[in-house]
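What follows is a short report on a single structure.
The values are calculated or read from the model by the stated rules, or taken from the named source; none is laboratory data. Fair warning: this is a prediction, and the values are worked out from it, not measured in the lab. Heads up, the Cβs are rebuilt from the backbone with ideal geometry, glycines too, and the neighbour counts pull from every protein chain shown. We work out accessible area using only protein heavy atoms, side chains counted, and drop any ligands, DNA or RNA first. Shrake-Rupley method; radii C 1.70, N 1.55, O 1.52, S 1.80 Å.
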Amino acid sequence: MGKTEDMTGSFQPIVESVVEHLSHLLDAPVSVLNHRGTIIASHHPGFQGTGMEDIGILTQSPCLRIPMQLQGELNELLVAELGHESIPLKLVQAFVELLVHQVTVRYQLPHQYELKNKFIHDLLRGSNVQEQDILQDAQILGMDLSRPRTVILIDASDYILDCSHSTHLGSSNTRIWRRAELIISGIVNFFHLPSDTICAYIGNGEVAVLKASSSQDLAAWTHEKDSLALLSTSWANLTALKRAGAALLTRLRCDTQTDISIGIGRYHPGIPGLARSYQDARAALSLGKHFYGPNQLHCLDRLGIAAFIGVSDEETKVDLARHLLSPLDQEGDLLETLKVFFQENCCPSTTAKQLSIHRNTLTYRLEKITLLTGLDPRRFDDAVQIRLALLLRSLQEASEKTEFFVQMGDG
């Protein structure tokens, strides 16, 4: 297939749309010829692929011949049998140029969205492309990836993939895309500023949102009491982000009247951090739906024991353990209480005896642990979660000490 044939195929829908609209508006036969004089689109399907000289209707009556350029290819538009009205050539030509421009833009937009969706899809699955090149490509597609962003993963498959009531919208793929567009439009409207949220349909009824996640970007969902928790870690601002996600979930469920589930990722710095944030969101969404069902917001620190069992990445599990126990970092007595409490098989009386404290003092300490961490060591699931977190953190600290002494010895 030659270059001309390739290019003709790429703009064929545009040419056909122009012919359809123009023949209807002018109430006259319209055809388009390529540079070889072959009809590539016509009001009459039987004319397509023939030469102008073979079609008497175009040669036996006066016609307007208007140059039309598409993607570097010079074509000619013929308008025949204008009837009794005399339409100035310049007016028709100006109208044709405007129509071509409008139709071209309309057909190029889906292609641009497809490029953007594929770009985001590939980016979230990790890319070997240099970070600077990714930033430049994103800028060409109208996206600013220089801002700190966190991935929100939305499962709207019940709405996007169920097109049983939308047969008037055309093909199945078209219906799916238009429903994905509606979800994306709802997300952008919810967050108000398009630059605040970069959205992409990544297939299987899922929409990925790259949400700007600095403290300023999340100010609307940040409470005054949250300020102490805004640490410079991957869990920073997560409380505010979860509030935003929960409000978004309510909005989307109201808009679609279907099941919606959302997974929230943590913030990780740099372009590679977007892929890590996506992995967090993916794990949270998958495990959360499996263990807790749809119509909920899922995040790693809300999954309980499931996070330690279902997440395969060891670094993520250690990070989670440290995050869950971080409120106790400056509470030596409480950490010692937990250690003895688990050694004594969670028995209050023997724990109090081993610690040489009153039972009421032990109760106070356990309640304080619950208040600080949100986990009650007297409840089985919470106790297992705390125990696993303590073990993971202990193993990691031992590993770091060993590595430190090895490096000292090498030095």
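Quick look at the numbers
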| item | result |
| --- | --- |
| Extended-chain gain in nm, criterion 0.36 nm per residue less alpha-carbon gap, Gln139 and Lys90 | 13.8 nm |
| Prolate/oblate/rounded call for region 221-328, Cα gyration tensor, a/c under 1.5 rounded | oblate |
| Three-way shape label, region 328-375, alpha-carbon gyration tensor, a/c 1.5 | prolate |
| Probe 1.4 Å - accessible area at Asp313, Å² to nearest ten | 70 Å² |
| Hits among aspartates and glutamates - C-alpha to C-alpha of Lys211 under 17 Å, sequence gap 8 or more where chains match | Asp144, Asp155, Asp196, Asp280 |
| Projected label distance in nm at Arg36 and Arg147, using a 7 Å step from Cα toward the beta-carbon | 5.1 nm |
| With all protein chains modelled, accessible area of Lys339 [1.4 Å, Å²] | 110 Å² |
| Residue pairs, from the table Lys242/Lys339; Lys116/Lys289; Lys339/Lys368, whose Cα atoms sit over 23 Å apart | Lys242/Lys339; Lys116/Lys289 |
| Full-stretch length increase - Ser349, Tyr364 - with 0.36 nm per residue and alpha-carbon distance subtracted | 4.0 nm |
| Label-point separation, Glu76 to Asn189 (7 Å along Cα→Cβ), nm | 4.9 nm |
| Length added when fully stretched, Ser172-Asn128, from 0.36 nm per residue minus Cα-Cα | 12.5 nm |
| Accessible area in the full protein assembly, largest first, 1.4 Å probe, for Tyr267, Tyr292, Tyr364, Tyr159 | Tyr364, Tyr292, Tyr267, Tyr159 |
| Three-way shape call for region 274-411 based on the alpha-carbon gyration tensor, with the a/c threshold at 1.5 | oblate |
| Heavy atoms of His44 accessible to a 1.4 Å probe, total area in Å² rounded to 10 | 80 Å² |
